[in-house]
Amino acid sequence: MRWIDSDTRKNLEKQFQEAGQSSLGSNSSRRNFLKVIGGVGAGLTLAINSPGVVSKTASRVMAGAEGAAESFAPNAFVRIGADNRVAVVIKHVEMGQGTYTGLATLVAEELDADWNQIDSVGAPADGKRYNNLNWGPMQGTGGSSAIANSFQQMRMAGATAKAMLVAAAAQSWSVPTAEISVSKGVVRHDVSGRQASFGDLAELAATQPVPDAEKVTLKDPTEFTHIGTSLPRKDLGKTDGTAVFTQDVQLDGMLTALVAHAPRFGATVKSFDAKAAKASSGVVEVIEIPTGIAVIAQDYWSAKVARDKLDIVWDESQAMTRSSEQIMSEYRAQSKKEGSVARNDGSASDALTSADTVIAATYEFPYLAHAAMEPMNCVALVNKDGCEIWNGEQFQSIDQMNISKLLGLPVEKVKLNMLFAGGSFGRRANPDSDYLIEAVHIAKAKMGTPIKLVWSREDDMHAGYFRPAYVHRVRGGLDAEGNIVGWEQHIVGQSILTGTPFGQGIKNGVDHSSVEGASTLPYAIPNIRVDVTSVEEKVPVLWWRSVGHTHTAYSTETFIDELAAKAGQDPVDLRMKLLDGHPRWQGVLKLAADKAGWGKALPKGWGRGIAVHESFNSYVAQVAEVSVAEDGKFKVERVVCAVDCGVPINPDVIRAQMEGGIGFGLAPALVSAITFQEGKVVESNFHNYQVLRINQMPDVEVHIVPSTEPPTGVGEPGVPPIAPAVANALAAATGKRYYSLPIKV
């Protein structure tokens, strides 16, 4: 979501202020940073009242930052208790991407804490303290921004706390601070040998003045002991069952709700008969909400059985009725026309007219589901005091604002408890706050009763949000020497930003989330034009892991490969030449090619392909090796990945995210697609919306480029290059090019 520009930022700022939530501005200076993270003793002191929570572990996790013991809270991110535990308050949701580990590492590094004394706890929804610095006034997670926006902030938080601990020790021992050192959570006086733990000093440290930011010194990278090390993750409760997800939450008197949604997008309830449903065992109530009919019951299964007994007549006069083929046919027609100009260097039209050779291709990409392993769910409690939510919370500021508008409450009366999320891939960062709003509607009707709303897998497949479908029409021209002289690309699909608070980012008809990766193509081609046509559909769409790069990387990297073949040039050599002046692109490209043994012989029937792409300021190159059987069926055997994400905070997390991204990106390359027939989604669960199976996962090796550049994200950038790398490998093995995903042989 780096496309949030100054106009969008101002618009969001205005909306949040109108909702009663002030922002943090630009946080442009280190002095402003200390204003952001607060003064001594400024840790949050709100109490959580969670009746009937399942266990002490669950209680602590559900309480998040508010449940962390503190004697010393120098800022909004660090709390140290007399028990010597250090709680690092994490403002970004942990959904498998490693934020609880990476952000805690930054604090532990500058604090010189022992890793074993560190606990990661979730921050409350509070845009004044915990905003995403990349997004301006918003608190939220996405766009691979967690580490990137928090690198300096979290280090400063740790360094400030350390300075105050040292000052406390110096006061206690009547010695100069210069004679005190800190290592592995122990504060020592180097002359006398005295030492104390953080817990021993916590109470006295809380009385020390907060030092000016200019007087707080951050470590030189040569001094790092935690950063760059594969420290154990701080979300390991997922392996022993102690991690708390929304489905684990149990509150006294809690009821479960399911919603019957329309079978076609755009349809509404005309009438319904709930007599049979209400007579079903365990049912408490059946109510109508704006998105359908909600069944409230004692448990999930009772609600599910009763929902199936509802007799609903839907008004489909405004509903979607088209098929996927009808949609794609329209897109293909639109791609032959001119669109809104996203990039126009030189004159692509003239260059293609005068080119010696012109090749053209039309690429097609279907709708895709997010298919997170944890379907959408949340717990909502509405009473006279306000609203409280328990959720794998990804979009705090937007969700808080939407709920406050619905209930007519100030945002501070909407409390969001951030739990672990079982994946998201963009689904939980919803500008409409769709399933949360449903839960609040139901909870409002049952004032004082906690409501757990559960979406089944089928609900999310049929009534959820999708990555848009797209058609790309691409033309490229070569001169007599095989140089690429012109490139023309027209992208047709739905705009993700239209109709959202981020719509201000659309300029001159261009939603940059539709064209990113194409409009920013780095290759030294003198004449490039990229157009986009944003069409309107009733299908709800949303960003999907790596957003526009999910489709632009495929079209650009397979087409550049096809041009290389037409010009008789090696695909790596051509890319290296066209990337002159882009050393980080060239660095990952060369590293991946070298480690994969580019140019070395492969077994008969095998092919090797490469792709390189930048997304969210991280650079990734991947080489795929495929084997092709005589019947044309193929298998992805091996993938070699090189990544440059700046300073590598935790190499193991980086490797895991590249491996996960490769598996995630292989799914739409090989098997995943959402299709429509007469306006209805065909797929409903993993039996017909295929995701990658373990036997389809190739051997993967990941190589990390050493770097001193500021760190960037790794949650999304591993996805875009894999599909084009596989397609290019197939072309190398068979000579056949593939222009539609998933690949059909």
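Per the helix-only calculation at 222 nm, which mean residue ellipticity applies to the chain, given -39500 (n - 2.57) for every DSSP H run of n ≥ 4 and division by its residues, nearest 500 deg cm²/dmol?
Working: 20 runs with 224 residues, N = 745.
Value at 222 nm, helices only, nearest 500: -9000 deg cm²/dmol.
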Fill in the blank from the handout: Checked segment 266-371 with the C-alpha gyration tensor, a ≥ b ≥ c its square-rooted eigenvalues, rounded below a/c of 1.5, otherwise prolate if a/b is larger than b/c and oblate if not; verdict prolate
Completion exercise
For volume of the Cα convex hull per residue in Å³ the list reads (i) 162; (ii) 254; (iii) 153; the calculated value is entry (i)
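Let me know the charge dipole size of the chain about its Cα centre in debye, to the nearest 20, where only the beta-carbon of Lys, Arg (+1) and Asp, Glu (-1) is charged. Before the final figure, lay out the partial values.
Values: 71 positive and 82 negative charges, 89 e Å.
Around 420 debye, computed over the chain.
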Handout entry: Inter-site label distance for S329 and V341 at 7 Å from Cα along Cβ, in nm
Key = 3.3
Practice task
Give me C645, C387 ranked fewest to most by other Cβ atoms within 10 Å of their Cβ, as a rough exposure proxy.
Solution key: C387, C645
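For I654, what is the net charge nearby, where nearby means another residue's Cβ is under 15 Å from its Cβ and Lys, Arg count +1, Asp, Glu -1? Write down the numbers at each step before the final one.
Numbers: positive: R233, R655; negative: D644, D652, E659, E701, E709, E716.
That sum, taken over residues with Cβ under 15 Å, equals -4.
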Practice task
Please give the FRET efficiency for D594 paired with D350, using the beta carbon to beta carbon distance and R0 = 60 Å, rounded to the nearest 0.05.
Solution key: 0.95
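Taking 0.36 nm per residue of sequence separation and subtracting the Cα-Cα distance, how much length would be gained by fully extending the chain between D432 and K604, in nm to one decimal? Present the calculation step by step, with values, prior to reporting the outcome.
Details: separation 172, 0.36 × 172 = 61.92 nm, distance 5.20 nm.
Answer, rounded to one decimal: 56.7 nm.
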Handout entry: A279/V682 FRET efficiency (R0 45 Å; Cβ-Cβ; nearest 0.05)
Key = 0.85
Practice task
Once you have a ≥ b ≥ c as the square roots of the Cα gyration tensor eigenvalues for segment 90-249, tell me rounded if a/c is under 1.5, and otherwise prolate or oblate according to whether a/b is larger than b/c.
Solution key: prolate
Handout entry: Reach of K219 by Cα under 17 Å, taken over aspartates and glutamates that are not fewer than 8 positions away in the same chain
Key = E109, E110, D112, D114, E709
Handout entry: Point-to-point label distance, S192-E481, nm (Cα→Cβ direction, 7 Å offset)
Key = 7.7
Problem - Environment charge of K452, counting only residues whose C-beta is closer than 11 Å and scoring Lys/Arg +1, Asp/Glu -1 - result: -2
Completion exercise
Plugging the Cβ-Cβ distance of F224 and K270 into 1/(1 + (r/R0)^6) at R0 = 60 Å yields, to the nearest 0.05, a FRET efficiency of 0.40
Practice task
Step through the table entries K238/K413; K91/K452; K405/K446, compare each Cα-Cα distance with 22 Å, and write down the pairs that go over it.
Solution key: K238/K413; K91/K452
Problem - For segment 367-442, share of DSSP beta bridges that run antiparallel, in % to the nearest 5 - result: 50
Handout entry: Cleavage-rule hits (GluC sites (Glu not before Pro)) in segment 596-668: DSSP loop, at most 14 neighbouring Cβ within 10 angstrom
Key = E630
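Among the trypsin sites (Lys or Arg not before Pro) within segment 584-660, which fall in a DSSP loop and have no more than 14 other Cβ atoms within 10 Å of their own Cβ? Spell out each step's value before the answer.
Values: sites: R584, K590, K595, K600, K604, R608, K633, K635, R638, R655; in loops: K600, K604, K633.
Qualifying residues, ordered by number: K600, K604, K633.
Once a ≥ b ≥ c are taken as the square roots of the eigenvalues of the Cα gyration tensor of segment 492-558, is the result rounded (a/c under 1.5), prolate (a/b larger than b/c) or oblate (a/b not larger than b/c)?
Details: a/c = 2.13, a/b = 1.64, b/c = 1.30.
Note, shape of segment 492-558 comes out prolate.
Determine, for S183, S302, S546, the number of other Cβ atoms within 10 Å of each Cβ, and report the residues in order from fewest to most.
If I rank by nearby Cβ atoms, fewest first, I get S183, S302, S546.
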Problem - Sequence-distant residues sharing a close amide H with E637 (under 5 Å, placed H) - result: E625, V626, S627
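Which percent, to the nearest 5, of DSSP beta bridges fully inside the chain are antiparallel?
Numbers: 85 of 114 bridges.
Antiparallel bridges make up about 75 percent of those DSSP assigns within the chain.
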Exercise for the section: Calculate how many DSSP beta bridges within segment 70-125 are antiparallel, expressed in % of all such bridges and rounded to the nearest 5. Expected result: 45
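When only DSSP loop residues count, what GluC sites (Glu not before Pro) in segment 278-380 have their Cβ near at most 14 other Cβ atoms within 10 Å? Spell out each step's value before the answer.
Working: sites: E285, E288, E316, E325, E330, E338, E364; in loops: E316, E338.
Of the GluC sites (Glu not before Pro), the ones in loops of segment 278-380 whose Cβ has at most 14 other Cβ atoms within 10 Å are E338.
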Fill in the blank from the handout: The simple spin-label model distance between K507 and D212, using points 7 Å out along Cα→Cβ, in nm, is 3.8
Exercise for the section: With no solvent and one equal point scatterer placed on each C-alpha of segment 344-418, evaluate the Debye formula and give log10 I(q)/I(0) for q = 0.19, 0.25 Å⁻¹, two decimals. Expected result: -0.87, -1.13
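No value in this document is a laboratory result; all are computed from the given coordinates. Please read these numbers as outputs of a predicted model, since none were measured by experiment. Counting neighbours? That spans all protein chains shown, and the Cβs are built from the backbone with ideal geometry, glycine included.
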